[in-house]
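Peer 1: Here you go, one structure.
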2 protein chains.
Amino acid sequence: MSPIHLALVGVGKIARDQHLPSIEKSPDFKLVAAASHHGTVNGIDNFTSIEEMLAAVPAIDAVSLCMPPQYRYRAAHAALSAGKHVFLEKPPGATLSEVEDLHALAAARGLSLFASWHSRYAPAVEAAKGFLASTTIRSMRVIWKEEVRQWHPNQEWIWQAGGLGVFDPGINALSIVTHILPRPIFITKATLQFPENRDAPIAADITFTDAEGLDLSAEFDWRQTGKQSWDIIAETDSGRMVLSGGGARLSIDGVLKHAEPEQEYPMLYKRFAEIIRAGRSDVDIAPLRHVADAFMLGRRKFVDAFHD
Amino acid sequence: MSPIHLALVGVGKIARDQHLPSIEKSPDFKLVAAASHHGTVNGIDNFTSIEEMLAAVPAIDAVSLCMPPQYRYRAAHAALSAGKHVFLEKPPGATLSEVEDLHALAAARGLSLFASWHSRYAPAVEAAKGFLASTTIRSMRVIWKEEVRQWHPNQEWIWQAGGLGVFDPGINALSIVTHILPRPIFITKATLQFPENRDAPIAADITFTDAEGLDLSAEFDWRQTGKQSWDIIAETDSGRMVLSGGGARLSIDGVLKHAEPEQEYPMLYKRFAEIIRAGRSDVDIAPLRHVADAFMLGRRKFVDAFHD
């Protein structure tokens, strides 16, 4: 099968860390162009705007959008309007409503839109889903605590309104939880901690439930020094499940059941090729909907100023 | 046709002001029971919980839920699980996700769920929709300014997290705007003003656009003394449209085109009967989705404490 001609928009940290190496290895895609205000990719045509790139390189079949979410709609709309398939980094947009609009536009044009959630492709996620489907869940705790200075050094956009703050990593947890649980969940209570000098939260405590009264809570914190935690722990009728390392490892009652090398972004590109060839979209907004719900329902608390 | 046996849950201000008089006059419904922590309705059986009421009065066909949104899911879930059709006051829930869950439950049980938006039934709303469909819109301004002390005296729940604050009236404007505009809109910028002693905003400034770049803004304010404003003003190729009085009156270039007596809640009950008899639901979450988007994307600003 001939490769899909891909263009990358937004050449920043996530593009260099994950997208470019995954595209390079993918048998499905050939990178033909890039557009970015700040960065360039060696060996291909580079542009400073997506509009300019789309006009100059008609051979582009699909685009991957890696800029901050606040700027994603305009680029996605331009690409879909030009007849290109679109891969959206997470979160898929700055609002739920704009993602709904893009989804409708893709459907109307017969194009594939992919709202990607890389953590859903972490190695042990499917095994965890299978385990939970086989038992009764008594409670679940999500503990997502990392050091923002290490993972998002000087990324101003993440602290701006719409940048989501600690929900930027937290939404990875939510993308896993909504995938592995047997029923839809919803928030009943939330507290969001905002540094007094920032427009996005640095920590959040969230209580969820489901139609059957599930006891589910999540703790997100960006002030964790030392050991970093990306763990989902469930007490079940078949023992204690620990999905750790952001979905990398699964253990039941302390016995390691599943651990494989991480392949999240290669799998995302495999999935993108699959939906393009099947003529479908893959847009699940549930993780972003829970974040919006947390902001709408949550209490705001103010904490010490944060300086990078 | 025999009347639908209805029960009312949450006998507070909106139930007394609107629901009870509308049900009384409706040919479609007969009120058979009520449940409330605080109030009772004369001449029918009263209960203190919905669960108790559903168990005691099997003749109930449908329930209207008028309690604050933070408590609506549990009651709606109990009613749908007992095989009853459900009318949700606005907003339909404290989170988008719980409304999605109820919608799925209603569909699975073959029951009708009605997420009501009373302002969509204001007298001149359909005429405004027709006018906008016939022309090109250059810009739209939404001005929703009222005095909270007059309209929500001592309603503590409205100031609590999840009570939505000024978005409680503002969502009425959003329910009209999303109904009369030809294309879906989404927020690009928002500022929410929180009184320093409250968990919900007292004012908000919001900028929207749509796929065609519509210039749309909304100003919500709860500190308006004197003249109250519930106006939607559009500059169009066919003149200036003013939809005023919360959808009551339509004028084009200063000429009054449409003004009829207000019948919002009677029309809501007519619609509820219609969807029950047709075996359908009517759940449009767009207005609440825009509110969640405003909370997620918006900047928070702190203003003077508010005391009732």
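Peer 1: For chain A, what's the relative contact order in percent, using C-alpha pairs closer than 8 Å and at least 6 residues apart? Kindly include the intermediate steps, with their values, before the conclusion.
Peer 2: Values: 663 pairs, mean separation 62.3, N = 308.
Computed over chain A, the figure is 20 percent.
Peer 1: Now, a different point. Let's see if you can work this out: charge +1 on each Lys and Arg Cβ, -1 on each Asp and Glu Cβ, no other charges. What is the dipole magnitude of the protein assembly as shown about its Cα centre, in debye to the nearest 20? Walk me through the intermediate numbers first.
Peer 2: Numbers: 62 positive and 74 negative charges, 80 e Å.
Dipole magnitude for the protein assembly as shown comes out near 380 debye.
Peer 1: Separate question: Going by how many other beta carbons lie within 10 Å of each one, how would you line up A:11, B:291, fewest first? Provide the component values of the computation, followed by the final result.
Peer 2: Working: A:11 21, B:291 24.
Final ranking by Cβ density, sparse to dense: A:11, B:291.
Peer 1: Return the single residue from A:95, A:236, A:135 with maximal mean-square fluctuation; model: Gaussian network over chain A, springs between Cα atoms under 10 Å.
Peer 2: Largest GNM mean-square fluctuation: A:135.
Peer 1: Helix-only mean residue ellipticity at 222 nm, chain A, DSSP H runs n ≥ 4 weighted -39,500 (n - 2.57), per residue, nearest 500. What is it? Don't skip to the answer; put the middle values down first.
Peer 2: Working: 9 runs with 91 residues, N = 308.
Estimated from H runs of four or more residues: -8500 deg cm²/dmol.
Peer 1: Given the Cα atoms of the range A:264-308, and with Rh set as the inverse mean 1/r over their pairs in the Kirkwood sense, what is Rg to Rh to two decimals?
Peer 2: Details: Rg = 18.0 Å, Rh = 14.2 Å.
That ratio equals 1.27.
Peer 1: Moving on to the next point. Between the helical axis of A:264-278 and the dominant principal axis of chain A, each derived from Cα atoms, what acute angle in degrees is found, rounded to the nearest 10?
Peer 2: It is inclined by approximately 60 degrees.
Peer 1: Using the Cα centre as the reference, give the magnitude of the dipole from point charges on the C-beta atoms of chain A (Lys, Arg: +1; Asp, Glu: -1; all else neutral), rounded to the nearest 20 debye.
Peer 2: Details: 31 positive and 37 negative charges, 47 e Å.
Its charge dipole is roughly 220 debye.
Peer 1: Please tell me which of these pairs span more than 32 angstrom C-alpha to C-alpha: B:25/B:90; A:90/B:145; A:227/A:257; B:84/B:301; A:84/A:189? Display every interim value, and only then the final one.
Peer 2: Working: B:25/B:90 21 Å; A:90/B:145 37 Å; A:227/A:257 22 Å; B:84/B:301 43 Å; A:84/A:189 40 Å.
The pairs that break the limit, which is 32 Å between Cα atoms, are A:90/B:145; B:84/B:301; A:84/A:189.
Peer 1: Please give me, ordered by residue number, the trypsin sites (Lys or Arg not before Pro) of the range A:235-281 that lie in loop per DSSP and have at most 16 other Cβ atoms within 10 Å.
Peer 2: On the way: sites: A:240, A:249, A:257, A:270, A:271, A:277, A:280; in loops: A:280.
Answer in residue order: A:280.
Peer 1: Report, please, the projected area of the protein assembly as shown averaged over directions, based on the convex hull of its C-alpha atoms, in nm².
Peer 2: On the way: hull surface 119.1 nm².
About 29.8 nm², averaged over all directions.
Peer 1: Picking from A:202, A:246, B:181, whose Cα lies most toward the positive end of the charge dipole for the protein assembly as shown (charges on Cβ: Lys, Arg +1; Asp, Glu -1)?
Peer 2: Checking the options against the dipole of the protein assembly as shown, the answer is B:181.
Peer 1: When Lys and Arg each count +1 and Asp and Glu each count -1, what net charge do the other residues less than 14 Å away from residue B:235, Cβ to Cβ, add up to?
Peer 2: Values: positive: B:138, B:141, B:240; negative: B:215, B:231, B:237, B:253.
For residues surrounding residue B:235, the net value is -1.
Peer 1: Something else: Is chain B best put as rounded, prolate or oblate by its Cα gyration tensor, with a ≥ b ≥ c the root eigenvalues, rounded for a/c under 1.5, and otherwise prolate when a/b is larger than b/c, oblate when not? Could you put the intermediate results ahead of the total?
Peer 2: Values: a/c = 1.78, a/b = 1.42, b/c = 1.25.
It comes out prolate by the Cα gyration axes.
Peer 1: Less than 15 Å Cβ to Cβ from residue B:150, Lys/Arg counted +1 and Asp/Glu -1: what total charge do the surrounding residues give? Mind dumping the intermediate values first?
Peer 2: Details: positive: B:13, B:145, B:149, B:223, B:227; negative: B:17, B:146, B:147, B:168, B:221, B:308.
Overall, the nearby charge balance is -1.
Peer 1: Roughly how many whole Å is it from the C-alpha centroid of the range B:199-235 to that of the range A:206-224?
Peer 2: Taking the Cα centre of the range A:206-224 as reference, the centre of the range B:199-235 is 34 Å away.
Peer 1: Then there is this: Going by a ≥ b ≥ c, the root eigenvalues of the Cα gyration tensor, does the range B:42-143 fall in the rounded group (a/c under 1.5), the prolate group (a/b larger than b/c) or the oblate group? Let's see the in-between values first.
Peer 2: Details: a/c = 2.54, a/b = 2.18, b/c = 1.17.
Prolate, because a/c is 1.5 or more and a/b exceeds b/c.
Values in this text are rule-based calculations from the coordinates and carry no lab data. Computed from a predicted structure; not experimentally measured. Glycine also receives a Cβ, built like all others from the backbone with ideal geometry; neighbour counts cover every protein chain displayed.
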